[in-house]
């Protein structure tokens, strides 16, 4: 199966990004005091955004950070390298902190979109060994196209992807990577196109001076929960506690636009009635390469600093430019990010189903497609535990234990409370001769199983009376919802069935009977409704009616091939006939 036609992934060669390494026994404590993000909560293999603010709460430096063993790595966007170095040089006084550049504004390939991990695996024919790194284990080294690359995962607003730093920091090596990705169907973006993608699917970089962190959407990504004690913290806390900032970066999605010639940075806006609305930050025309993206608005978008009075997403505004009085048109106000990228989960499920079919059709385990397609599904949606399980089982059955090991480890890392993850890891380790690690994984699985059983036991101690009370309350709630649905469509068979079942649970069979009867009138082949109708008629004392319902229900169920309800109704009809002395 070729997926090149369907990749939701875009590539770009960028310049000006710098990777720093912070080392020394005081590196974490120093970064904890200086930045807005809680470094202590940064796990190995995870990444997050951080900022340095000045005393006024204004952004001086924005950067990504990650933990690699005893080293903290930081990645500064273009324009922020000097600010990062200046902060280190000015504020590392007595602490033992050493910093060095690993990549100094070297060319870097940025791959972004919802399919990036699967794209890399397909473009470079990666083995399951790459699964941990591609599903959130970075930053770390990986071999792509014969050269070692530092792969750094990121989330940027609604955009996710990887930075790919070639081992040789020059344009030629970056372009070699880009060429291979292009051949695999990845759309390549120019600098202008890349900025549109990051502005609308991510967040614009806060490169202007005097910008408060809470004025930008970066406060959602780079401000740690309950994080205190950093330069500018008093300003940020006061703004959060006592009132909104005077401006906020938002987007105007134009529904009707009249004159774009006056939409320039800094132009002041007002509403049609004369009230000030804000100031233009950047006007964006959607380039052709980005217009086909599923679900995205292809009309122009203007990023604006919106005043306090105009901040409600979804507001429709008629906007004018103040200096000229020109009517700009009508727009809808939106938070950032403006765009939501296509969801890969549906494609992941399709790939997983195909992989399972091929696997079932391959009892001799010689077809390479099931493993490749299952790995594709996992990389499209690494949040499904069963994808890790299926891929691990496929590799175990083929005795590919070396390939199964990184997948099982990634499964345990992402789902640490999954009993089967630890059990399968134990099996893989044992087959590789790593007995001590296998026993440790097995012990973890036993502990989790014990904890699960204890939790179930505690739940089971709820009294029978409490259980009945809860069941009745839930049934009353369901009945109300289904009655409301039937007001809109009295012939909705699903709602009729749902109301009937709820009433049956509440021991009100006389009220349930009309629901089930109406359901089978509308859909005579509704086997379960016939079964429920017979049950209610029997409880209500109408034995002949129950017998007729079950016999008719069994007949239509067999015609439809619904064998389980057919056999159930036939058995109940026989039992009722016997108990009634052959009635009917």
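The values are calculated or read from the model by the stated rules, or taken from the named source; none is laboratory data. The shown structure was predicted, so the numbers you read here are calculated from the model rather than taken from an experiment. All Cβ positions, even for glycine, are placed from backbone atoms using ideal geometry, and neighbour counts span all protein chains on display.
For the condition surrounded by 12 or more Cβ atoms within 10 Å (Cβ to Cβ), out of contact with any strand residue (DSSP E or B) (no Cβ under 7 Å at 6 or more places or on another chain) and under 30 Å from residue 368 (Cα atoms), what is the one hit in 425, 448, 486, 481?
Criteria check complete, one pass: 425.
Exactly one condition in (1) out of contact with any helix residue (DSSP H, G or I) (no Cβ under 8 Å at 6 or more places or on another chain); (2) surrounded by fewer than 23 Cβ atoms within 10 Å (Cβ to Cβ); (3) more than 14 Å from residue 11 (Cβ to Cβ) is not met by residue 152; state its number.
(2)
Can you name every residue in the stretch 531-561 that is part of a helix (DSSP H, G or I) and within 42 Å of the chain's Cα centre (by Cα)? Give the steps one after another, and end with the answer.
Quick first cut of the stretch 531-561, residues part of a helix (DSSP H, G or I) only: 531-539, 543-560.
Matches in the stretch 531-561: 531, 532, 557, 560.
Out of 575, 540, report the one residue that is surrounded by 14 or more Cβ atoms within 10 Å (Cβ to Cβ) and assigned by TED's automatic domain parsing to the domain that holds residue 491.
Answer to the selection: 540.
Criterion first (within 19 Å of residue 78 (Cβ to Cβ) and in contact with a helix residue (DSSP H, G or I) (Cβ under 7 Å, 6 or more places away or on another chain)) does residue 178 satisfy it?
The answer is no for residue 178.
Taking residue 355 as meeting all but one of (1) modelled with pLDDT under 85; (2) within 30 Å of residue 388 (Cα to Cα); (3) surrounded by 14 or more Cβ atoms within 10 Å (Cβ to Cβ), write down the number of the exception.
Residue 355 satisfies all of (1) modelled with pLDDT under 85; (2) within 30 Å of residue 388 (Cα to Cα); (3) surrounded by 14 or more Cβ atoms within 10 Å (Cβ to Cβ) except (1).
When residues of the stretch 43-59 are filtered for being surrounded by fewer than 22 Cβ atoms within 10 Å (Cβ to Cβ) and either over 29 Å from the mean Cα position of the chain (by Cα) or part of a loop (DSSP other than H, G, I, E, B) (or both), how many remain?
Qualifying residue count, the stretch 43-59: 7.
Given the criterion closer than 23 Å to residue 277 by Cβ and crowded, with 22+ Cβ neighbours inside 10 Å, identify the matching residue among 306, 375, 315.
306 is the lone residue from the list that is closer than 23 Å to residue 277 by Cβ and crowded, with 22+ Cβ neighbours inside 10 Å.
For residue 40, are the conditions met, namely being closer than 24 Å to residue 233 by Cβ, in a helix (DSSP H, G or I) and within 28 Å of the chain's Cα centre (by Cα)?
Details: closer than 24 Å to residue 233 by Cβ: yes; in a helix (DSSP H, G or I): yes; within 28 Å of the chain's Cα centre (by Cα): yes.
Here the answer is yes, as residue 40 does meet what is asked.
For the stretch 234-261, what are the residues that are under 26 Å from residue 330 (Cβ atoms) and free of Cβ contacts under 8 Å to residues at least 12 places away in the same chain?
Within the stretch 234-261, just 261 meets the criteria.
Does residue 349 qualify as being closer than 30 Å to residue 269 by Cα and surrounded by 14 or more Cβ atoms within 10 Å (Cβ to Cβ)?
Answer is no for this residue.
Could you check the stretch 67-81 and list, in sequence order, the residues that are over 19 Å from residue 16 (Cα atoms) and part of a strand (DSSP E or B)?
Taking the stretch 67-81 first, the residues over 19 Å from residue 16 (Cα atoms) are 67-72.
Result: 67, 68, 71, 72.
Considering (1) modelled with pLDDT under 90; (2) closer than 30 Å to residue 480 by Cα; (3) assigned to a loop (DSSP other than H, G, I, E, B), say which one residue 565 fails and leave the rest.
Going through (1) modelled with pLDDT under 90; (2) closer than 30 Å to residue 480 by Cα; (3) assigned to a loop (DSSP other than H, G, I, E, B) one by one, residue 565 breaks only (3).
Conditions: (1) in a loop (DSSP other than H, G, I, E, B); (2) buried (at least 20 other Cβ atoms within 10 Å of the Cβ); (3) in contact with a helix residue (DSSP H, G or I) (Cβ under 6 Å, 6 or more places away or on another chain). Residue 134 meets all but one. Number of the miss?
Every listed condition holds for residue 134 apart from (1).
I'd like the residue in the stretch 113-128 that is under 20 Å from residue 45 (Cβ atoms) and within 23 Å of the chain's Cα centre (by Cα) and, out of all such residues, is surrounded by the most Cβ atoms within 10 Å (Cβ to Cβ).
117
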